[in-house]
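One structure below.
Rule-based calculations on the coordinates, nothing more; no lab input. Bear in mind the structure is a predicted one, so any value in this text is a computation, not a measurement. For neighbour counting, all protein chains shown are included, and Cβ atoms are generated from backbone atoms with ideal geometry for every residue, glycine included.
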Amino acid sequence: MKRLKKMLPILICAVLLLSAAGLIFVNQPKFGRSPRGKRLERIERSPNYRDGEFRNLAPTPQLTTDKSFGRMLFDFLFRKVDRLRPEAPVPVVKTDLKALPADENVLVWLGHSAYFIRLDGKTFLVDPALLTASPLPFSVEPFEGADCYKPSDMPHIDYLIITHDHWDHLDHQTVTRLKGRVGRVIAPLGVGEHFERWGFSAEQIVELDWYEAARISGGFRLTALPARHFSGRGLKRNKTLWASFMLESPSRTIYLGGDSGYGTFYRTIADKFPLIDLAVLENGQYSEDWRHIHTMPDELPQTVADLRPLRVLTVHHAKFALGKHEWDEPLRKARENARDKAFRLLTPRIGEVVRLDDEGQEFGPWWDEAN
């Protein structure tokens with residue numbers, strides 16, 4: 001007992017020091033900032049915000065198996081999975097985005113959930129986590145070769161689109177390095193607070209609630225739509241909204257799916273947008289432990305059937321190992337599902353140009369080259 005009493009002040013000091021270090025860490029600029037002021041007032045008026053946080057349309061428990069949180073965390077951190085990472089460099093194509101013809105409609109996947117679109121003369125960049133995907137250095141390492149695109153490779157971006165504020169979709173290093181080459185930022189409610197902390201002007205930022213639309217010059221419209229996910233960059237969750245988006249141009253309608261588990265809201269989206277030329281859908285980093293917040297392989301065909309797009313391109317794979325599955329499993333299963341369920345699936349390499357006006361363009365199973 002006497003020894004414990006002697007140790008108690010030391011233990012208290014250690015706890016205080018660790019707490020102080022933690023507070024300093026999470027208050028770094030890269031964590032962004034929680035909404036406040038008029039932005040928070042607008043959030044509190046949203047029908048999707050209740051009891052101090054944003055909610056999904058359907059009940060969405062974070063954990064979906066009978067594992068305890070501790071067991072789930074242990075499995076996530078330490079359970080070994082064969083072929084979690086590719087044995088060889090991921091095959092990529094290093095396209096010069098700045099040299100792409102201004103009059104061509106193209107999409108270039110940049111790895112994970114980042115992609116570049118040039119459509120009817122305007123440029124869009126979606127969820128560009130090009131440098132980091134975690135607040136902890138070296139904790140989420142990209143696959144060899146998959147990180148070939150850097151902020152310096154980007155041309156001027158008319159519209160930077162962010163689907164939610166998770167680290168693997170909103171990378172502080174990437175967006176701050178792009179700051180001088182971005183016209184406007186379009187994001188779900190609350191996400192603009194991060195951008196203002198990082199030096200973007202309020203006039204550059206457009207924030208949307210689900211089913212709100214931003215009209216863009218030249219006959220474009222971008223509509224925020226539901227997704228089934230969550231948000232947060234630090235200790236607080238769901239203080240900002242997550243979303244998918246429908247990008248409508250004079251010639252094409254493209255669905256930008258973001259991160260989402262399956263939900264019947266896809267049918268509602270299809271009713272409102274009956275002709276979708278291309279759907280970019282999440283495919284990867286899934287688990288039975290959190291099956292409601294990411295699309296499971298067996299749910300992808302139903303998502304496609306609900307949306308009824310002419311073509312499908314899947315993302316959220318082939319760069320980081322955030323889910324405990326074989327690195328190429330999402331691509332293999334998506335290809336099998338497309339064959340069995342008869343939908344048009346595009347599987348370009350990272351950096352390979354998808355020509356949006358070429359409806360016959362095909363891509364082979366390039367992932368076999370990395371095994």
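Here are a few things to note about the model shown:
- Relative contact order (%) - criterion: Cα under 8 Å, at least six apart; region: the range 261-333: 40
- The distance separating the Cα centre of the range 51-114 from that of the range 348-362 comes to 21 Å.
- Taking only the C-alpha atoms of the range 185-236, the Rg (one decimal) and the largest Cα-Cα distance, Dmax (whole number), read 12.5, 41 Å.
- Three-way shape label, the range 183-339, alpha-carbon gyration tensor, a/c 1.5: oblate
- Here the peptides 130-142, 107-119 are ranked by packing, the mean other Cβ count within 10 Å, and the order with the highest first is 107-119, 130-142.
- The range 52-113: mean projected area of Cα convex hull, nm²: 9.7
- Over all other residues within a Cβ to Cβ distance under 13 Å of T253, the charged ones net out to +2, with Lys and Arg as +1 and Asp and Glu as -1.
- Binned Cα-Cα distance frequencies in the range 121-238 - 5 Å width, integer %: 2, 10, 21, 24, 20, 15, 6, 2, 0
- Local electrostatic count at D66 - Lys and Arg +1, Asp and Glu -1, tallied over other residues with Cβ under 15 Å: 0
- Positive minus negative residues near G121 (Lys, Arg vs Asp, Glu; Cβ under 11 Å): -2
- Translational diffusion coefficient of the chain (Stokes-Einstein, Kirkwood radius from Cα pairs, 10 °C, 1.306 mPa s): 74 µm²/s.
- Segment V81..R42, full-extension length gain: 9.6 nm, with 0.36 nm per residue of separation and the alpha-carbon distance subtracted.
- Highest-first arrangement of 250-261, 360-371, where packing means the average Cβ count within 10 Å: 250-261, 360-371
- Shape parameters for the range 267-371, alpha-carbon atoms, Rg then Dmax in Å: 13.8, 42
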